[in-house]
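Visitor: A single structure is presented below for examination.
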Amino acid sequence: MSNSKNNVWQQKGKIISNGLLTSNPTFRLVLGMCPTLAVTTSAFSGLGMGLAATVVLVCSNALVSLLRKVIPDKVRIPAFVLIIATFVSLLQMLLQKFIPTLYSMLGVYLPLIVVNCIILARAEAFASVNKVSDSILDGLGMGLGFTLALTLLGFIREFIGSGTIFMGSIGATEFGLTLGKLPEYSMSLFVLPAGGFLTLGLVMAAFNAIYSAAEKKKKEKMEAIAAQIEEAKKEAEDFAKLDAELAAANEAQVNTEENKAENEEVAK
Amino acid sequence: MITSATWLAVTVGAILVNNYVLCQFLGICPFLGVSKKVDTALGMGLAVTFVMGIASVFTWLVQKLLVALGIEYLQTIAFILVIAALVQLIEMTLKKFMPSLYSALGVYLPLITTNCAVLGVAILNIQSFGVVGGLSLLASFLNAVFSGLGFLLAILLLAGIRERMDVDAVPKPFKGFPITLITASIMSMAFVAFGGLLG
């Protein structure tokens, strides 16, 4: 009983870690590039964009999964787009009312969440064929993976480009760090569009290197196991051969003994 | 009233200074995804320009309707539906009446629905340029067409560079997207320099 429960948790954990790391939407699937590049001039706006997309992703995944048996196959894409657009509009209104700084920071990219390929891709590839609970988890994992990527890029670009760490404000409270004289030595290229392309390219290359190293290790491990299996097979074959030889020898001995007995009988 | 500076901004500015791909980060997905070969890049660029021009006219009309009814908050939903329907309609019309153009644009047409540059130009036509109530119909159309041409220019340049890069020795972790992004970064630096063009 407890074992099967453990398995269920493992499965759920796998759905989330799949979005966070194994197939991270930004670094592995290369989806949703426009907001990734546009709003990551600071860690705060990157985090805001990531969370906004996560909210829409979780809600749309849940609703698409809930309606997966109702929506006819032929009109599913327009139906998905409509569902996504509804949640985006809701979010737009909520942000405008409660976090206006973030609303103006994200600008045109907030309504553009509608055409963020991650959300449509997950609706089509996961939510339309899976249970509601799994779809919500998938949305959460993918959304957090996206958020993680955006915050990381925002952090790097903000640190090099403006010399600050996590500057931002919600309402009247301002937070963030300015590091001594660092802003005077900042490279403003990194908060320009060119810096966005450059940072993403470099971080993606780093991720590629890490992933291929991890894969190589895995492959080596698999190869070692395969070699062990091969060896065991060989040993088993050798044993079988020995067995067969022994049996043959035994038979031969029995035969000669029989022959002997026959010969003796004949001699008598 | 629309000044001559605005006219200049929606035409020359849309191609060079505010290039959608390299300066505003709109339409990055096709920019990175469909730029392996010059031929396909040309097809995609033309299809985007075509749809953006037509979509800007229709969304402009829809926006007037939304304002008249007092339901501007439905803008996002209305625009995406109009664009999706329009792409479908254009596809069917071209198939029936202009098969040669249809086969030239081919598979790129349906992909355009999820191209954020199309929705982006529709929204920016209304929000930006500091004109109250958005640009006029003609200015919206011109801005969309010239933005599309800017996209065409950017994707063609990148495709040319990528074709050349195929025969170069690129370090393994940089193969594919990373080196393309770094190329785009250098192109973007060049385009930022046009910033002083309009004063």
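Visitor: Taking A:Ala232 and the conditions (1) hydrophobic (A, V, I, L, M, F, W, C); (2) outside the structural domain of A:Thr101 (by TED's automatic domain parsing); (3) not in a helix (DSSP H, G or I), which numbered condition does it fall short on, given that it satisfies the others?
Guide: If we test A:Ala232 against (1) hydrophobic (A, V, I, L, M, F, W, C); (2) outside the structural domain of A:Thr101 (by TED's automatic domain parsing); (3) not in a helix (DSSP H, G or I), just (3) comes out false.
Visitor: With respect to the numbered conditions (1) farther than 18 Å from A:Leu29 by Cβ; (2) without any contact (Cβ under 8 Å) to a residue 24 or more places away in the chain; (3) under 20 Å from the mean Cα position of the chain (by Cα), which one is the sole condition not fulfilled by A:Ala125?
Guide: That leaves (1) as the condition not met.
Visitor: Conditions first: (1) closer than 19 Å to A:Gly139 by Cβ; (2) in contact (Cβ under 8 Å) with a residue 12 or more places away in the chain; (3) open to solvent by 20 Å² or more (accessible area, probe 1.4 Å). A:Lys14 passes all but one, so which condition is the exception?
Guide: Only one criterion in (1) closer than 19 Å to A:Gly139 by Cβ; (2) in contact (Cβ under 8 Å) with a residue 12 or more places away in the chain; (3) open to solvent by 20 Å² or more (accessible area, probe 1.4 Å) is unmet by A:Lys14, namely (2).
Visitor: Given the residues B:Leu109, B:Leu157, B:Leu138, B:Leu142, which is the only one that is surrounded by fewer than 18 Cβ atoms within 10 Å (Cβ to Cβ) and more than 8 Å from every other protein chain (Cβ to nearest Cβ)?
Guide: Just one listed residue meets the conditions, B:Leu138.
Visitor: Further, regarding this structure: Counting just the residues of segment B:112-135 that are part of a helix (DSSP H, G or I) and at pLDDT below 75, which one comes out farthest from the other protein chains (Cβ to nearest Cβ)? Write out each step before concluding.
Guide: Of all residues in segment B:112-135, those part of a helix (DSSP H, G or I) come to B:112-114, B:116-127.
Retained after the next criterion (residues that are at pLDDT below 75): B:113-114.
Numbers: B:Thr113: 8, B:Thr114: 5 Å.
The extreme case among them is B:Thr113.
Visitor: If you don't mind, there's one more thing I want to ask. May I ask you to verify whether A:Lys69 is charged (D, E, K, R), open to solvent by less than 50 Å² (accessible area, probe 1.4 Å), out of contact with any Gly (no Cβ under 9 Å at 6 or more places or on another chain) and over 26 Å from B:Thr180 (Cβ atoms)? Give the derivation first.
Guide: On the way: charged (D, E, K, R): yes; open to solvent by less than 50 Å² (accessible area, probe 1.4 Å): no; out of contact with any Gly (no Cβ under 9 Å at 6 or more places or on another chain): yes; over 26 Å from B:Thr180 (Cβ atoms): yes.
The answer is no for A:Lys69.
Visitor: Does A:Thr199 satisfy the condition of being in contact (Cβ under 8 Å) with a residue 24 or more places away in the chain, part of a helix (DSSP H, G or I) and within 13 Å of chain B (Cβ to nearest Cβ)?
Guide: Working: in contact (Cβ under 8 Å) with a residue 24 or more places away in the chain: yes; part of a helix (DSSP H, G or I): yes; within 13 Å of chain B (Cβ to nearest Cβ): yes.
Yes.
Visitor: Considering only residues that are farther than 20 Å from A:Gln92 by Cα and open to solvent by 30 Å² or more (accessible area, probe 1.4 Å), which ones fall in segment B:72-89?
Guide: If the condition is that a residue be farther than 20 Å from A:Gln92 by Cα and open to solvent by 30 Å² or more (accessible area, probe 1.4 Å), then B:Ala84, B:Ala85, B:Gln88, B:Leu89 are the ones that fit.
Visitor: Run B:Phe97 past the list (1) farther than 21 Å from B:Leu137 by Cα; (2) without any contact (Cβ under 8 Å) to a residue 24 or more places away in the chain; (3) crowded, with 16+ Cβ neighbours inside 10 Å and report the number of the one that doesn't hold.
Guide: (3)
Visitor: Taking A:Ala206, is it part of a helix (DSSP H, G or I), among the aliphatic types (A, V, I, L, M), more than 30 Å from B:Ser188 (Cβ to Cβ) and open to solvent by less than 100 Å² (accessible area, probe 1.4 Å)?
Guide: On the way: part of a helix (DSSP H, G or I): yes; among the aliphatic types (A, V, I, L, M): yes; more than 30 Å from B:Ser188 (Cβ to Cβ): no; open to solvent by less than 100 Å² (accessible area, probe 1.4 Å): yes.
Here the answer is no, as A:Ala206 does not meet what is asked.
Visitor: Could you list all residues from segment B:10-47 that are aliphatic (A, V, I, L, M), in a helix (DSSP H, G or I), touching a helix residue (DSSP H, G or I) at 6+ places or on another chain (Cβ under 6 Å) and more than 11 Å from chain A (Cβ to nearest Cβ)?
Guide: B:Val10, B:Ala14, B:Ile15, B:Val38, B:Ala41, B:Met44, B:Ala47
Visitor: So which residues in segment A:29-54 are surrounded by fewer than 19 Cβ atoms within 10 Å (Cβ to Cβ) and assigned to a helix (DSSP H, G or I), if there are any at all?
Guide: Taking segment A:29-54 as the starting set, the residues that turn out to be surrounded by fewer than 19 Cβ atoms within 10 Å (Cβ to Cβ) are A:29, A:51.
Across segment A:29-54, the qualifying residue is only A:Leu51.
Visitor: Would you check which residues across segment A:179-196 are closer than 23 Å to B:Met187 by Cα, in a helix (DSSP H, G or I) and more than 8 Å from every other protein chain (Cβ to nearest Cβ) and list them? Don't jump to the end; show me each part of the working.
Guide: Let us first name the residues in segment A:179-196 that are closer than 23 Å to B:Met187 by Cα, namely A:186-196.
Narrowing the set further to residues that are in a helix (DSSP H, G or I) leaves A:188-191, A:193-196.
Across segment A:179-196, the qualifying residues are A:Ser188, A:Phe190, A:Val191.
Visitor: Further, regarding this structure: Given the criteria crowded, with 16+ Cβ neighbours inside 10 Å and within 12 Å of chain A (Cβ to nearest Cβ), does B:Ala55 qualify? Don't jump to the end; show me each part of the working.
Guide: Details: crowded, with 16+ Cβ neighbours inside 10 Å: yes; within 12 Å of chain A (Cβ to nearest Cβ): no.
Judged against the criteria, B:Ala55 is not a match.
Visitor: With (1) more than 25 Å from A:Arg76 (Cβ to Cβ); (2) of a type outside the set (Gly, Ala, Ser); (3) modelled with pLDDT of 80 or more as the list, and B:Leu101 as the residue in question, which single condition is left unmet?
Guide: Among (1) more than 25 Å from A:Arg76 (Cβ to Cβ); (2) of a type outside the set (Gly, Ala, Ser); (3) modelled with pLDDT of 80 or more, B:Leu101 violates only (3).
Visitor: Looking at segment A:77-119, which of its residues are polar (S, T, N, Q) and in a helix (DSSP H, G or I)?
Guide: Within segment A:77-119, the subset polar (S, T, N, Q) is A:86, A:89, A:92, A:96, A:101, A:104, A:116.
Scanning segment A:77-119 gives A:Thr86, A:Ser89, A:Gln92, A:Gln96, A:Thr101, A:Ser104.
The values are calculated or read from the model by the stated rules, or taken from the named source; none is laboratory data. Just so it is clear, the model here is predicted, and its values are computed rather than measured. Counting neighbours? That spans all protein chains shown, and the Cβs are built from the backbone with ideal geometry, glycine included. Protein only, heavy atoms only, side chains kept; ligands, DNA and RNA dropped before computing areas. Shrake-Rupley method; radii C 1.70, N 1.55, O 1.52, S 1.80 Å.
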